[in-house]
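One structure below.
Where a number appears in this text, it was derived from the coordinates with a stated rule and is not lab data. Small disclaimer: the values here were computed from a predicted structure and weren't measured. When we count neighbours, we look across all protein chains shown, and the Cβ atoms used for this are built from the backbone with ideal geometry, even at glycine.
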Amino acid sequence: MSNRLIDDTTKREAGQREKRAVISTDHNDIMDHSVYYTYTELHGNSSQVGDTPKPAVVIEAGIHAREWISPAVNLWVIDALIGGYRNGNTTITAMLDQLDWYIIPVTNPDGYQYSHEKDCLWRKNRRYIRRSCRGVNLNRNFDVAFNTTEVSNFCWSDIYLGDKPFSDPESCNVKALVGILQHRLMTYVAAHSFSQSWIGGLMASAMSVRHGTEYRTGQALKVLGDAASGISVDWALKIVPGIFAVGIEPRPPAKKLKPAAANRYTGRGYSGFLLTPQEIVPTAEEYFDGLVAMANELQ
Ligand SMILES: [Zn+2]
């Protein structure tokens, strides 16, 4: 078996500081800090299959700060892909030899950090907007049907969309990555939480097998009872029509929660973002099973 993956990974790690983009968010006060954006690129034996460049899969995780399970399961997946390839796992070898994987584990780094340090239900990034008002909901900030559905123009809202499409560095980073891969992008996965649903039937069935967890499937509006404009999956589909663009919402199921106390626009009262540590690995395993099923379909 080739060590190509490991060699490339090592090289990329060594060069990571040069490749990593450092973006200063537009803060004006003493809390000013930079956010760091990076993605992990994984591929197997060759960068092409025959004469054709390999199809690319992009996974965007953690665009909403409070959805901690999303970065967690995607880091687990990165580890599983590297470990599986190293050990000669045939399924994983095929996944990496046939497809190139680009995984952004934490798309919203400063929001994620803030959710750990100050407010575990924080959803947006932390960009300074104006006095005491911070953050854009990055999954309303993409240039698709901008400012039409389930958004707010008030900057203190959890669904504040920003003043224009791609006003924020994190959404611009996703745009840049998709732009680079546009000619060979085959799949765009947006990993959120929660509600145990995968907007794609085959993957939902695969995810239900291992631990008997029920995953629902269908269009977002039907499954989640929700629709929003300016979201990344719709934008990716607009830029590269015909790709497989999906959103994943892992554990727990929405139906077992009590949303009554929650403000619809802030999500406060929903305990579904607060999984126990014991649920991380089983959730990651289910999610990975879904990715395997997806990769099988794509190869
Ligand atoms: Zn989300």
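Scanning residues 5 or more positions from T149 or on other chains, those with amide H under 5 Å from its amide H are S229, with H placed 1.01 Å from N in the peptide plane. Note on segment 121-184: the C-alpha convex hull projects to 4.9 nm² when averaged across all orientations.
Stick to Cα atoms and the Kirkwood definition of Rh, then tell me Rg/Rh for segment 55-142. Answer for segment 55-142: 1.13.
With 25 Å as the limit on Cα-Cα distance, the pairs of K118/K164; K118/K175; K124/K175; K54/K175; K54/K164 that go past it are K118/K164; K118/K175; K54/K164.
Using the number of other C-beta atoms within 10 angstrom as an exposure proxy, rank I280, I69, I59, I180 with the fewest first.
Starting with the residue having the fewest Cβ neighbours, the order is I180, I280, I59, I69.
Residues E117, E286, E170, E41, ranked from the fewest to the most other C-beta atoms within 10 Å, line up as E117, E41, E286, E170.
A straight chain from C133 to I78 at 0.36 nm per residue would run longer than the Cα-Cα distance by 16.3 nm.
Here, segment 94-156 is characterised by an Rg to Rh ratio of 1.12, where Rg is the alpha-carbon radius of gyration and Rh the Kirkwood radius.
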